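Undergrad: Sharing a structure below in structure tokens format, with a few things to ask.
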Amino acid sequence: MTPLTHASTSRTAKAAGLTLHYHEAGPADRPDAPVVIMLHGGGPGASGWSNFGGNLPVLAREFRTLLVDQPCYGRSDKPVLDRDYFSYSARAVAALMDELGIERAHFVGNSLGGGTAVRIALDHPGKTDKLLLMGPGGVSVNLFAPDPTEGIKRLFEFNAAPEPTKEQLRAFLSVMAYDQSVVTDALVEERWASATDPETRLGAARMAASFANPLWAEATMLWREAHRITRPVLLTWGREDRVNPLDGALVALKTIPDARLHVFPHCGHWAQTEQADEFNRLAVDFFTH
């Protein structure tokens, strides 16, 4: 199999008035393979590839797999939002599906992307098969852990700094992972280059502004609508998650009609990286059975 690189899988498309960037790969002998759309989290310099590039070779053996840069991230457009972020991104991803002729898809949503995936399931149920949600935003309600969490504090510190530093970025990345060996100098440099790009900073500011708008706050409280999710849901959490702690899973597990929960030990907010083999097996099994 030809190695799947950032360049070889890179694609762009027009959807919902935006230019959206994504990576795509799948089994060459199965053009009708089920579709999996993977939606990244919201940290500094985050993108579809930064979150899921390492998982793509495994999932692409079974599925037509798309790693989408959500609006305001990666190489996608950085628009001024006219509604809450989850709804805006969900509309854009649904439009991208239409543009690419994808009727239905499974979704993997990490953190911020988990909130987008839930909003797609709520607003576009006909486009949704199964949902694998990783410490998802919006449906995560901290019953015991304080708010804001340690990870969210580090995120705010970086995004709010007029001149953010590499030390602030490393502090944020260190909170994301339980296994600190994941936070290499190379990772910090890669994220630094992206996170400090003026366009990336603009996108992060516009995303943050949507969450700060009190008129849209209610729409981000996806836990209030979780009972309306009709599709099978696999909630996944790192036991040591310091961004969206494990107690945040309980309301979603109780209220989503067809939900189950998998907890990764010795794992923070990046199960797809820290527990990659188990995560990949879990995803393939869930989406194929």
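Undergrad: For the subset of segment 175-186 comprising residues that are of a type outside the set (Phe, Trp, Tyr) and part of a loop (DSSP other than H, G, I, E, B), which member is farthest from residue 241 (Cα to Cα)?
TA: Just the residues of segment 175-186 that are of a type outside the set (Phe, Trp, Tyr), to begin with: 175-177, 179-186.
When the remaining residues are screened for being part of a loop (DSSP other than H, G, I, E, B), the result is 177, 179, 183-184.
On the way: 177: 8, 179: 11, 183: 15, 184: 19 Å.
This residue is 184.
Undergrad: Under the condition of being open to solvent by less than 80 Å² (accessible area, probe 1.4 Å) and not acidic (Asp, Glu), which residue from segment 213-227 is farthest from residue 139 (Cα to Cα)?
TA: In the first step, residues of segment 213-227 are kept if they are open to solvent by less than 80 Å² (accessible area, probe 1.4 Å); the result is 213, 216-217, 219-222, 225-226.
Add one more test, that the residue is not acidic (Asp, Glu), and what stays is 213, 216-217, 219-222, 226.
Details: 213: 19, 216: 16, 217: 13, 219: 11, 220: 9, 221: 7, 222: 5, 226: 7 Å.
Taking the candidates together, the pick is 213.
Undergrad: Considering each of 27, 57, 31, 79 in turn, give the residue that is in contact with a helix residue (DSSP H, G or I) (Cβ under 8 Å, 6 or more places away or on another chain) and open to solvent by 10 Å² or more (accessible area, probe 1.4 Å).
TA: Numbers: 27 fails: in contact with a helix residue (DSSP H, G or I) (Cβ under 8 Å, 6 or more places away or on another chain); 57 fails: in contact with a helix residue (DSSP H, G or I) (Cβ under 8 Å, 6 or more places away or on another chain); 31 fails: in contact with a helix residue (DSSP H, G or I) (Cβ under 8 Å, 6 or more places away or on another chain).
Step by step, each of 27, 57, 31, 79 is checked, and only 79 is in contact with a helix residue (DSSP H, G or I) (Cβ under 8 Å, 6 or more places away or on another chain) and open to solvent by 10 Å² or more (accessible area, probe 1.4 Å).
Undergrad: Give segment 228-277 a look and list any residue that's touching an Asp or Glu at 6+ places or on another chain (Cβ under 6 Å) and open to solvent by 20 Å² or more (accessible area, probe 1.4 Å), or say none.
TA: Within segment 228-277, 232, 242, 274 meet the criteria.
Undergrad: A further question on this structure: Which ones in segment 175-210 are among the small types (Gly, Ala, Ser) and closer than 18 Å to residue 47 by Cα? Break it down into steps so the answer makes sense when it comes.
TA: At the first step, the residues of segment 175-210 found to be among the small types (Gly, Ala, Ser) are 177, 181, 186, 193-195, 203-205, 208-210.
Residues satisfying the conditions are 177, 186, 193, 194, 195, 203, 204, 205, 208.
Undergrad: Okay, moving on. Mind checking whether some residue in segment 101-121 is in contact (Cβ under 8 Å) with a residue 12 or more places away in the chain, farther than 28 Å from residue 281 by Cβ and out of contact with any Phe, Trp or Tyr (no Cβ under 8 Å at 6 or more places or on another chain)? Spell out how you get there, then give the answer.
TA: Step one: of segment 101-121, the residues in contact (Cβ under 8 Å) with a residue 12 or more places away in the chain are 102-121.
From the residues that got through so far, the ones that are farther than 28 Å from residue 281 by Cβ too are none.
Checked against the condition, which is being in contact (Cβ under 8 Å) with a residue 12 or more places away in the chain, farther than 28 Å from residue 281 by Cβ and out of contact with any Phe, Trp or Tyr (no Cβ under 8 Å at 6 or more places or on another chain), segment 101-121 yields no hits at all.
Undergrad: Something else now. In the list 161, 171, 145, which residue meets the criterion of being over 24 Å from residue 251 (Cα atoms), among the small types (Gly, Ala, Ser) and at pLDDT 95 or above? Give the derivation first.
TA: Working: 161 fails: at pLDDT 95 or above; 145 fails: over 24 Å from residue 251 (Cα atoms).
One residue alone meets the criteria, 171.
Undergrad: Any residue in segment 105-125 that is surrounded by fewer than 23 Cβ atoms within 10 Å (Cβ to Cβ) and β-branched (Val, Ile, Thr)?
TA: no
Undergrad: Go over the candidates 167, 189, 163 one by one and state the one that is under 28 Å from residue 20 (Cβ atoms) and open to solvent by 50 Å² or more (accessible area, probe 1.4 Å).
TA: It is 189.
Undergrad: Scan segment 253-260 and give yes if some residue there is modelled with pLDDT of 95 or more and under 23 Å from residue 174 (Cβ atoms), otherwise no. Can you show your working first?
TA: Restricting attention to segment 253-260, the residues satisfying the condition of being modelled with pLDDT of 95 or more are 253-260.
So of that shortlist, the ones also under 23 Å from residue 174 (Cβ atoms) come out as none.
No, segment 253-260 has no match at all.
Undergrad: Filter segment 144-174 for residues that are in a helix (DSSP H, G or I) and among the acidic types (Asp, Glu); which is farthest from residue 189 (Cα to Cα)?
TA: Filtering first and then ranking leaves 150.
The values are calculated or read from the model by the stated rules, or taken from the named source; none is laboratory data. Since we're looking at a predicted model, the values are computed, not measured. Cβ sites come from the backbone with ideal geometry, for glycine too, and all protein chains shown count toward neighbours. For accessibility, only protein heavy atoms count, side chains too; no ligands or nucleic acids. Shrake-Rupley method; radii C 1.70, N 1.55, O 1.52, S 1.80 Å.
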